[in-house]
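What follows is a short report on a single structure.
No lab work stands behind these numbers, since they all come straight from the coordinates. A quick note: this is a predicted structure, and the numbers were derived from the prediction, not measured. Cβ atoms come from the backbone with ideal geometry, glycine included; neighbour counts cover every protein chain shown.
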Amino acid sequence: MNVQQLRISPYDANTYLVNGKILIDTSMKPDRLVQQIKEHTDIHNLELIILTHCHYDHTASASHIATTSGAHIAIHQDDAPYLNDDIMSVAYIFGHPTPDIKADITYQDGDIIPLDDGEALEVIHTPGHTPGGICLYEPVSKSLFSGDTVFPDGSIGRTDFSGGSARDLSRSIEKLTHFDVQTLYPGHGPVTDDNVKRQIQLSLEMARSV
Ligand SMILES: [Zn+2]
Ligand SMILES: [Zn+2]
């Protein structure tokens with residue numbers, strides 16, 4: 001699996017380009033994102049835009065990228081209804097209405113997204129930050145795209161937005177501790193491969209303490 005972290009701005013969610021054809025999260029600056037994608041691949045090679053959850057800082061550019069590239073938009077079925085909800089998408093915090101985003105594909109826990117050479121991303125439903133938040137696990141490279149569920153150094157996603165649940169988040173992180181993760185690609189902050197299992201364990205302790 002080849003992963004490019006596209007750097008949009010310090011205020012944006014992380015955006016990852018996988019094998020030049022799958023985009024994980026989209027940031028808030030469509031023009032800059034298109035420019036960055038073009039540095040790595042022909043934009044028309046993009047097939048799929050996976051949104052880890054319904055929050056505006058991850059989804060705002062999705063429609064623009066989908067229209068420009070022809071890629072489909074995918075999100076967990078429990079967050080799909082909130083893509084265009086100003087409150088649930090937290091668009092109001094950023095002072096914008098949500099752009100009109102339509103999910104072409106909805107996921108459930110355990111769904112498999114095939115990559116190349118026998119690799120695949122597994123959808124792990126991790127509610128807590130939002131009802132339909134997901135993480136994506138690739139077992140060959142032992143990679144986890146963790147959205148806003150866990151961050152490096154034992155940090156965890158907020159649960160005080162509408163649809164958040166501290167109890168669900170704690171259960172979701174517990175689920176993540178059963179995966180053998182070597183590289184963590186978080187929704188915010190740096191990518192890390194430094195004893196990631198320990199970092200997720202620290203996140204679980206943090207989640208249980210709040
Ligand atoms: Zn975020
Ligand atoms: Zn979020």
Practice problem: Go through the range 193-209 residue by residue and tally those that are touching a strand residue (DSSP E or B) at 6+ places or on another chain (Cβ under 8 Å) and either closer than 11 Å to Ser155 by Cβ or hydrophobic (A, V, I, L, M, F, W, C) (or both). | Solution: 6
Quiz item: Take the residues of the range 99-156 that are crowded, with 18+ Cβ neighbours inside 10 Å and on the phi > 0 side of the Ramachandran plot: which is nearest to ligand 1 (Cβ to nearest atom)?
Solution: Gly147
Exercise. Examine the range 130-147 for a residue that is within 19 Å of Ser203 (Cβ to Cβ), in contact (Cβ under 8 Å) with a residue 40 or more places away in the chain and among the aromatic types (Phe, Trp, Tyr), and state whether such a residue exists.
Key: yes
Practice problem: May I ask you to list the residues in the range 160-187 that are part of a loop (DSSP other than H, G, I, E, B), under 19 Å from Tyr137 (Cβ atoms) and either within 16 Å of ligand 2 (Cβ to nearest atom) or among the acidic types (Asp, Glu) (or both)? | Solution: Asp180, Gly187
Practice problem: Pick out the one residue from Ser69, Ser61, Ser89, Ser146 that is touching a Cys at 6+ places or on another chain (Cβ under 8 Å), under 15 Å from Leu23 (Cα atoms) and either within 16 Å of ligand 2 (Cβ to nearest atom) or polar (S, T, N, Q) (or both). | Solution: Ser146
Quiz prompt | Top-ranked residue in the range 63-98 [being of a type in the set (Val, Ile, Thr) and on the phi < 0 side of the Ramachandran plot; ranked as surrounded by the fewest Cβ atoms within 10 Å (Cβ to Cβ)] | solution = Thr67
Quiz item: For the range 107-127, which residues satisfy the criterion of being free of Cβ contacts under 8 Å to residues at least 60 places away in the same chain and not charged (D, E, K, R)?
Solution: Tyr107, Gln108, Gly110, Ile112, Pro114, Gly118, Ala120, Val123, Ile124, His125, Thr126, Pro127
Quiz item: Taking Arg7 and the conditions (1) surrounded by fewer than 14 Cβ atoms within 10 Å (Cβ to Cβ); (2) closer than 22 Å to Leu115 by Cα, which numbered condition does it fall short on, given that it satisfies the others?
Solution: (2)
Quiz item: For the range 31-58, how many residues are within 16 Å of ligand 2 (Cβ to nearest atom) and touching a strand residue (DSSP E or B) at 6+ places or on another chain (Cβ under 8 Å)?
Solution: 6
Quiz item: Can you tell which of Arg167, Arg171 is among the basic types (Lys, Arg), in contact (Cβ under 8 Å) with a residue 40 or more places away in the chain and out of contact with any strand residue (DSSP E or B) (no Cβ under 9 Å at 6 or more places or on another chain)?
Solution: Arg171
Quiz item: If you scan the range 117-159, which residues turn out to be under 14 Å from Val181 (Cα atoms) and part of a loop (DSSP other than H, G, I, E, B)?
Solution: Pro139, Val140, Ser141, Lys142, Phe151
